[in-house]
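What follows is one structure encoded as structure tokens, with my remarks underneath.
Since every read-out is calculated from the coordinates, none of them should be taken as a lab result. This one's a predicted model, so the numbers in the text were calculated from it and none came from an experiment. Using ideal geometry, Cβ is built from the backbone for each residue, glycine included, and neighbour counts are taken over all protein chains shown.
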Amino acid sequence: MSGLGAGDVRDRPERWETVAAEHAYRGPIFSVRRDKVVMPNGSGTEVVGRDVIEHKGSVGILAVDGDDRVLLLRQYRHAVGHLLWEIPAGLRDKDGEPLQALAARELLEEAGYRAARWDTLADVYPSPGMSDERSRIFLARGLTEVPADQIDFERVHEEADMPLVWLPLEEAVRKVLAGEIHNTLATVGVLALQAARARGYRDLRPADAPEG
């Protein structure tokens, strides 16, 4: 037995000693850093190599309307060779931009909606085994559609053709559990929304809550 209880189940910052680090690649969105990390091995310590993808971070927006339907977009993802159903999302690519402002911009640019109410739904590390990317998933409610001619944004490349659907939440949950929706932010967002709704939304954090 570990001796730990429910009160101990909370992620906390920790950084093991790194004795060397060098960049194998630097790019506009992410870089790859190679670390030498001191790790325990049961009888002492050893130094092992770990590659880390340094990522700007991201936000996702789970938008839900008054009929409990969630907004999903389909986007081509070359790395996995799939058209994936996702929630609106974007990179933290403007220094100092508040996360809620970024989320509002992405919801408008990708889906054409504004939201009157914003809450924090979940904070996640999408790929903690290899990347330091962190993402906040917002819950957006009180939606208003914005005419296309009032949106100053040009969709190109993967974003040029992103069909949009409104899916009943229960159907979205079914599709996640059936393995029909795979995107991390979409799956976490959908299941978190179902849990939040079942608890009367009383556990939601404000949109500007610390990420921890």
On a full-extension model of 0.36 nm per residue, what is the gain between residue 184 and residue 30, subtracting their alpha-carbon distance, rounded to one decimal in nm?
53.6 nm
Among 191, 166, 131, the residue whose Cα sits farthest towards the positive end of the charge dipole of the range 58-206 (+1 at Cβ of Lys and Arg, -1 at Cβ of Asp and Glu, taken about the Cα centre) is 191
Calculated FRET value between residue 116 and residue 161, using beta carbons and R₀ = 30 Å, to 0.05
0.55
Please enumerate, by chain and number, the lysines with C-alpha under 30 Å from the C-alpha of residue 94, excluding those fewer than 8 residues away in the same chain.
56
Neighbours of residue 11 by Cβ distance under 12 Å: Lys/Arg at +1, Asp/Glu at -1, summed charge -1
The chain, dipole about Cα centre (Lys/Arg Cβ +1, Asp/Glu Cβ -1), debye to the nearest 20
500
Only Cα pairs under 8 Å and at least 6 apart count here; give the relative contact order of the chain as a rounded whole percent.
20
So which chymotrypsin sites (Phe, Trp or Tyr not before Pro) in the range 1-90 are both in a DSSP loop and have at most 16 other Cβ atoms within 10 Å of their Cβ?
16
Quantify how much of the Cα-Cα distance distribution of the chain extends past 28 Å, in percent.
37
Quick check of the Kirkwood formula: for the range 6-54, what is the inverse mean of 1/r over all pairs of different Cα atoms, in Å?
12.8
What aspartates and glutamates does residue 36 reach when the alpha-carbon gap must be under 15 Å and sequence neighbours fewer than 8 apart in one chain are set aside?
17, 22, 46, 51
How large is the charge dipole for the range 6-54, taken about the Cα centre, if only the Cβ atoms of Lys, Arg (+1) and Asp, Glu (-1) carry charge, to the nearest 20 debye?
140
